[in-house]
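Working notes for the structure below.
The values are calculated or read from the model by the stated rules, or taken from the named source; none is laboratory data. Keep in mind it's a predicted model, so treat the numbers as computed, not measured. Quick reminder, even Gly has a Cβ in these numbers, built from the backbone with ideal geometry, and neighbours come from all protein chains shown. What goes into the accessible areas is simple: the full protein's heavy atoms, side chains included, and nothing from ligands, DNA or RNA. Shrake-Rupley method; radii C 1.70, N 1.55, O 1.52, S 1.80 Å.
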Amino acid sequence: MKMEKWIKILGAALVLLLALIPAGGCGKEQAEEPPPEEEPVEEIVDVRTHVNGALTLDDGRKVDGFAYGKIGDELTNVFFTFCVNKAELRDEFGEDQAERGFAYLVAEVTVSNAFDGPIPMWASDFIAQWGEGDGDYCYPLAKTAGTQMEEEFRLAVDQSVTRELVFEVPLPEVKNEYGISYLEYYEDDVEGNLFMVSFELSAPQKASAEEDGGNE
């Protein structure tokens, strides 16, 4: 379950202090003291990714919005930042062979805590998507290699980890668009905003060669 707290957008207020102190005395005019220099104000910036179409609940949480990125983009939600560093389709992963008509989508992902406390994480926080059908998605495969993201782990404050997410997805005929997405989910079952990284991938060369040979 997600943590119930969320990051509130902070604003900064500027206070100007002008000290113009007139001085009198004994018939002798004295120059006014110059006003003190304004102290620099630290600008507080909302570091989250801009979300389109979000609605604001009474408690301030944003829901029903969406944000898109591409390979190498950092997307920051109320809990963490994630970046899909690279992605490819493979016929094999470790000792496993993809079923006929499918391939392994292997994505290297960096996840960084953006919250003010440790957060629980699951590999299943992320899903792979393709096509426009209601069933065109899947969750990561269970961990079988040390490079894969743990099925459940804890991300400490300011901690970042880089792991692989492995999905078994339909094999494209030539090239297909895939996406890896995360939907904010709160402890009280409220769904927040959707963050998706999309990219195009071609079929693995080995699979393509086998299919071409079978058509001869």
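One table, with the values for the structure above:
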quantity	calculated
Of all residues in the stretch 55-78 being of a type in the set (Gly, Ala, Ser), in a loop (DSSP other than H, G, I, E, B) and at pLDDT 95 or above, the one that is most open to solvent (accessible area, probe 1.4 Å)	GLY72
Selected residue [among the hydrophobic types (A, V, I, L, M, F, W, C), open to solvent by less than 30 Å² (accessible area, probe 1.4 Å) and in a loop (DSSP other than H, G, I, E, B)] from PHE167, PHE115, PHE195	PHE115
Residue that is least open to solvent (accessible area, probe 1.4 Å) [pool: residues in the stretch 134-149 that are under 18 Å from ASP96 (Cα atoms) and not hydrophobic (A, V, I, L, M, F, W, C)]	GLN148
Residue list for the stretch 173-192, filter: open to solvent by 10 Å² or more (accessible area, probe 1.4 Å) and either under 21 Å from GLY133 (Cβ atoms) or of a type in the set (Phe, Trp, Tyr) (or both)	GLU173, VAL174, LYS175, ASN176, GLU177, LEU183, TYR185, GLU191
Qualifying residue in the stretch 201-208 (condition: farther than 22 Å from PHE80 by Cβ, assigned to a helix (DSSP H, G or I), open to solvent by less than 70 Å² (accessible area, probe 1.4 Å) and at pLDDT below 95)	yes
Single unsatisfied condition, LYS86 versus (1) under 30 Å from THR56 (Cα atoms); (2) open to solvent by 40 Å² or more (accessible area, probe 1.4 Å)	(1)
Filter result for PHE102 (closer than 19 Å to VAL197 by Cα, among the hydrophobic types (A, V, I, L, M, F, W, C), surrounded by 14 or more Cβ atoms within 10 Å (Cβ to Cβ) and touching a strand residue (DSSP E or B) at 6+ places or on another chain (Cβ under 9 Å))	no
Among residues of the stretch 170-192, those that are within 21 Å of the chain's Cα centre (by Cα) and in a strand (DSSP E or B), counted	11
Which numbered condition SER198 misses (of (1) at pLDDT 85 or above; (2) over 23 Å from ASP64 (Cα atoms))	(2)
